[in-house]
Every structure is written in C-alpha cells, then in structure tokens.
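The values are calculated or read from the model by the stated rules, or taken from the named source; none is laboratory data. Since the model is a prediction, treat every value here as computed from it, not as a measurement. Because the Cβ atoms are built from the backbone with ideal geometry, glycine has one as well, and the counts that use them run over all protein chains shown.
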C-alpha cells in the first residue's frame, strides 16, 4: 500500500580532497553510522538499502555487493542505482519511491565517491560517443564553458556576475563544518584565478571530493514513531531527456524547466520565489547559479545577476540558495545530490546549526548530471 514518506535521519562524512585514511567501504560506513546515530536507529531497524556512485570513475563495479560491510546490508535487500552526475539525487528519489511503495518501511540511501582515486575527465570522455560527442564534450568542463558563453552573449552577463555566486556559496560554506572548501573568497580572486576553459576559471568550478552521505527514509507507518519531526517528501521529478551530449540545448535548460513545471504543478506552487523557503541547487559551476535559477522560474531570463547582486539568494535574503555551501564547496559526485536532499531535510527540521534558514517550511533539492539531466525533490515541514 502506497504511503507518504519522510526523512528521519541524515549523516555525512567530513569531506576532503583526499581521504587516504579510509578505503571506500570505511568511508561509506562513516556516513551510515552517522545517519543511524542521527535517527536513533540500529542497522536492524533498516529494511532495505540503496547505494550509488560513479562506478566507472573509480573503475570498480558492483558497489552493492562489495560494500556490504560498510552499509550493513548483510542479508538485506540492496539495490544499486547509478545515473552519472545525477546519481546522488537518483538514489534519493529511489529511496523515496521504495518506501512509498509500502514494500519496505525504512530505507537507508547511501551515496559516496573517492574522486582522489578516479579519473573524472577520462571517464566522461570515454563514455561519450567517439564520433558525435568527443570533439564537443571532452570532459565536463568544456560543455559547461559552452553553456556559459552562450548565456553571456545572449543576456550581456559578465564574468563578475558569475563570480558573485562563488563568493556567496563559499561564504555559506563557512557555516558548514562538513564542507571541503571553507575559506571565503572575493570577486577579484575569482576573476584572477587561472582560466580553465573560457569563461570558466578555477574558482568558478566545483572541487573533486572524497566523501559519503546517508539519508534514511521512512514510510508514514513508522516515520512519526521513529522521529519527532520528519522532513516530508512532497514530490519528485526526473528529466533525463537526452542520450547524447551532442543533443544538449545550451541556450536554455529544458530538463530543469520541464522538471520544475511538473513538480510545482503537482503541489500547486505558482510563485517559487515567494513560496519556497530554501533551495539546495546542484550547481557545479558559477554560471549555473545564474542561468538555472531563471530556468526554475525564480526570475525572468536575464534577471538572475541582479537578483544575486541584490542578496536575494544570500543567507538572510528572500530565498537563500545553498546554505551548506553547495557543490562549489563540496562535490563527492555519487553523494552530491543526496547531500542536497539531506541538507534540505535538516533545514525543515530546524537542525542545520549555523546554516539554518529561519522558519524554513518548504525546501527544494536538485540534481544535475549526464547530458544536462535534472532530478528534483521537494520537501516540506508538514506532510503534503
């Protein structure tokens, strides 16, 4: 029987560029143990486990089997999901639907990555079509640079506008003890950082992170018994519209636009700027923090730079984005989208510490990856 679902626990590692003190299983276990402690559960209380990472990055497959000592999945149903950069959000949505189905009441979802042991660019290049894709998508960075260039030309956006996004998120990360990059920067430092692929510079782009996260979902039959204040999942939406990088439409963000239309329509949101309280946006580089909020309907096309400069998306602004510091501060890819969900849940439970948005009742978490795919999850303080 279908049931409503809430987040009742969230745990994450302390994220770093290199975690040489642990292997993958141990890294995973850190997050699982933290989530169990957070929820007050033991592993015997968990009915099923979903796990995911960018397995072709590390060139190690079947994480669902070899990680059992880390996840606690011995003699439990374990499912692996992997969808590129959207893996973290995909496993979160998978956990939500698994609990909503009524087949299992308590589902632990685990995302992880050891980017220090992977070749991100090599993996992306070799997964793309050798005839149609590789010349235009040689790793993640060139595609983002093309999108940024198109956006700048179309609306007169400047590199300094994008730099303001980096300054915001890095400032927010100072309030997050788990974030990898915890040092404030200035617009000038962003503009003077090394150019990687015009117009994207070193401080415009996310880091490579070793880290893991675990979110525990529970169906309403148990959620209220196990947690004094679950963060309730209201709806989710997925748009993996393209198979080839060649198909990406750089002048718009069709997957994000379509996902938002479906998500907001399903819950009756008409003015997201006014009706959302906090957004954890999977934003791998600064220009996404401008263009993509326009695609979400937060403002009209070309208006995002002024919105950001006016402080609307800062902590204390009308709609804070990435109170955790977001992807520009931490990017353990298989866990990145799951971190967005977990951080959104903390906000609704009033447990986000120094990064708490006062009075948060509706939170949006997004995922990004692949051929500019989009995943989204909307959560509320109260059941929908």
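Numbers below:
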read-out: Residue check, residue 370 at pLDDT 95 or above, over 13 Å from the mean Cα position of the chain (by Cα) and surrounded by fewer than 24 Cβ atoms within 10 Å (Cβ to Cβ); value: no
read-out: Segment 337-360 - residue that is under 15 Å from residue 8 (Cβ atoms) and out of contact with any strand residue (DSSP E or B) (no Cβ under 8 Å at 6 or more places or on another chain) and, of those, surrounded by the fewest Cβ atoms within 10 Å (Cβ to Cβ); value: 351
read-out: Unmet requirement for residue 60, which otherwise passes all of (1) over 11 Å from residue 216 (Cβ atoms); (2) crowded, with 21+ Cβ neighbours inside 10 Å; value: (2)
read-out: Index of the failed condition, residue 294 passing every other in (1) surrounded by fewer than 24 Cβ atoms within 10 Å (Cβ to Cβ); (2) part of a loop (DSSP other than H, G, I, E, B); (3) touching a helix residue (DSSP H, G or I) at 6+ places or on another chain (Cβ under 8 Å); value: (2)
read-out: Members of segment 14-44 found to be surrounded by 24 or more Cβ atoms within 10 Å (Cβ to Cβ) and outside any helix (DSSP H, G or I), listed by number; value: 15
read-out: Restricting segment 297-311 to residues that are assigned to a loop (DSSP other than H, G, I, E, B) and either in contact (Cβ under 8 Å) with a residue 12 or more places away in the chain or not assigned by TED's automatic domain parsing to the domain that holds residue 170 (or both), the residue that is nearest to residue 353 (Cα to Cα); value: 298
read-out: Single match in 319, 273, 328, 263 (criterion: touching a helix residue (DSSP H, G or I) at 6+ places or on another chain (Cβ under 9 Å) and part of a helix (DSSP H, G or I)); value: 273
read-out: From the options 132, 104, 97, residue that is surrounded by fewer than 24 Cβ atoms within 10 Å (Cβ to Cβ), assigned by TED's automatic domain parsing to the domain that holds residue 9 and in a loop (DSSP other than H, G, I, E, B); value: 104
